[in-house]
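Here the structure is laid out as structure tokens; the discussion comes afterwards.
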Number of protein chains: 2
Amino acid sequence: METDLISVEDGLTARQQAVLDAVLGLMVESGDQLTMTAVARRANCSKETLYKWFGDRDGLLKATVRWQAARVRAGRYDRQPLDAALLRESLADFAANWLDVISSSTSIALNRVAIAHAGSRESNLGGIVLANGRFAIGERVKPLLEAGRKAGLLAFDDSETAFRTFFGLIGRDVQIRLLLGDAASLRAADIRSDAERATDQFLALYGAGKFNGQSRQPA
Amino acid sequence: METDLISVEDGLTARQQAVLDAVLGLMVESGDQLTMTAVARRANCSKETLYKWFGDRDGLLKATVRWQAARVRAGRYDRQPLDAALLRESLADFAANWLDVISSSTSIALNRVAIAHAGSRESNLGGIVLANGRFAIGERVKPLLEAGRKAGLLAFDDSETAFRTFFGLIGRDVQIRLLLGDAASLRAADIRSDAERATDQFLALYGAGKFNGQSRQPA
DNA sequence: CGCACGCCGTACCGTACGTTACGGTTCATC
DNA sequence: GATGAACCGTAACGTACGGTACGGCGTGCG
């Protein structure tokens, strides 16, 4: 008897979390061979237990997505007080972190499953991934952008539009290529330089004249 | 007896093309219920014929991807002679066309199938989609970028890097959101304005000083 | 100790689907 | 009109997998 009954924030016991980690491992390795039998074997538990804990296959997938999302919680980026250097550093940190996430094998596998799901069943896996991925990070970065605007460092009308541009400058074609199986591996150094390039480009577009001096947001 | 035996460029008879269109239709509507029986019923053909023509299910999917790719062939964008206005127009046209493609239900369904495939089997569907999608358009736009550079309108070291930035400015988070089932419908007017915004931003980053006057490529 | 509970391992059931096989029909050719 | 090829519609087969049932085992509790 261990501390198995102590539930963590998600209401999951350690044993249940281990099961979800087994699901993630199978997703990364096998891809589609994510069968209930395989999960049970990998997690050393019985299928009966899987169904008791998670209801059905979809419930297991949902719990897995949420479990992974809870783990990836990255830090906030709205440090104060803000100056130009700190803003640039915060943006670049975020960009590097985001590239790290989307190029991780776990994220790729999870997004593949969610996308495959989105095309058919309506058990909104894709919505959960979006809410915990793209939208969650947007809400975490916007305060930073708005703080930058308040400090006179950035100029934009709509923080959502500005963020989406930053998002595009960071990700470019990386995510779709990885999802489609392109072996475009990103090394750590690549991630850092890509993040800084995206940040420089973003500041060139939305910086309020205190960065490169001549950059402005185009009409 | 019709012109059924006349093969088009792909070596597909009209009847076979009709079958592949049925596959596309099923992909868009049903998503995962893309069963051989459903295809046969939809196309009014027998399963025996499907297997004779396409070998197996994977062969049918591959043929479908290639058939759709052959249909989407967009025009080239390297018009000559090139001046600033024509370059901007060409870039915006390409951007609008690309947004049109990635937001079409056919493209979404096809990419979902290819991504689901990429996670498991190795019958490189994802590679085919990438080669005919992302990489094909890259090769078609690069001549335009290089012509722009030659004309002194653009400044960049590597056309691939410049194109990837343009790609990111155009697509931003649109494709991943659509793939994950977000109901972010793009209206035609949105596409046009988004394409022009992306073009303006790209020219602000890579334009050689003849557009907004003060824009430069950041370090 | 005995009992109940939770869980493991496995066998089992029903169904869906990829694939094959086959009888019947159309149609071009001789 | 006979023949053979191509093809349609459907039945049949084998397998994989989601979901359920059951026997056995360890453990906390009366």
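Worth a mention:
- Test: residue in the stretch A:195-205 that is within 10 Å of chain B (Cβ to nearest Cβ), over 22 Å from the mean Cα position of the chain (by Cα), modelled with pLDDT under 95 and open to solvent by less than 10 Å² (accessible area, probe 1.4 Å): no
- Among residues of the stretch B:107-140, those that are assigned to a helix (DSSP H, G or I), farther than 30 Å from B:ARG79 by Cα and within 7 Å of chain A (Cβ to nearest Cβ), counted: 7
- Residue count, the stretch B:151-161 (criterion: assigned to a helix (DSSP H, G or I) and without any contact (Cβ under 8 Å) to a residue 12 or more places away in the chain): 1
- Within the stretch A:40-57, residues that are away from chain B (no Cβ under 14 Å) sit with their Cβ atoms under 9 Å from residues that are open to solvent by 100 Å² or more (accessible area, probe 1.4 Å) and within 7 Å of DNA strand D (Cβ to nearest atom), at 6+ positions apart or across chains, in these pairs: A:ALA40/A:GLU48.
- Test for A:VAL23: is it modelled with pLDDT of 95 or more and either outside the structural domain of A:ALA116 (by TED's automatic domain parsing) or β-branched (Val, Ile, Thr) (or both): yes
- Members of the stretch B:61-95 that are modelled with pLDDT under 90, over 22 Å from B:LEU130 (Cα atoms) and open to solvent by less than 50 Å² (accessible area, probe 1.4 Å): B:LEU82
- Odd one out for A:PRO218, checked against (1) modelled with pLDDT of 90 or more; (2) open to solvent by 10 Å² or more (accessible area, probe 1.4 Å); (3) at the interface with another protein chain (Cβ under 7 Å from one of its Cβ atoms): (1)
- Subset of the stretch A:35-50 (residues that are closer than 27 Å to B:ALA114 by Cβ and open to solvent by less than 10 Å² (accessible area, probe 1.4 Å)): A:VAL39
- Lone qualifier among A:LYS62, A:LYS52 - being more than 16 Å from DNA strand C (Cβ to nearest atom) and of a type in the set (Lys, Arg): A:LYS62
- Filtered by the rule that a residue be within 20 Å of B:GLY171 (Cβ to Cβ) and free of Cβ contacts under 8 Å to residues at least 12 places away in the same chain, the stretch B:58-74 gives a lone residue, B:ARG73.
- A:PHE166, sole failed condition from (1) open to solvent by 20 Å² or more (accessible area, probe 1.4 Å); (2) at pLDDT 95 or above: (1)
- Verdict on A:ALA22 being more than 30 Å from A:GLY181 (Cα to Cα) and either within 15 Å of DNA strand C (Cβ to nearest atom) or open to solvent by less than 30 Å² (accessible area, probe 1.4 Å) (or both): no
- Checklist (1) assigned to a helix (DSSP H, G or I); (2) surrounded by fewer than 23 Cβ atoms within 10 Å (Cβ to Cβ); (3) under 18 Å from the mean Cα position of the chain (by Cα) applied to A:LEU186, failing item: (1)
- For the stretch B:110-119, the criterion of a residue being polar (S, T, N, Q) and buried (at least 20 other Cβ atoms within 10 Å of the Cβ) is satisfied by at least one position.
The values are calculated or read from the model by the stated rules, or taken from the named source; none is laboratory data. All figures in this text were calculated on a predicted structure; none of them were measured in a lab. Note that each Cβ is placed from the backbone with ideal geometry, even for glycine, and that neighbours are counted across all protein chains shown. Keep in mind that these areas ignore ligands, DNA and RNA; they rest on the heavy atoms of the full protein, side chains included. Shrake-Rupley method; radii C 1.70, N 1.55, O 1.52, S 1.80 Å.
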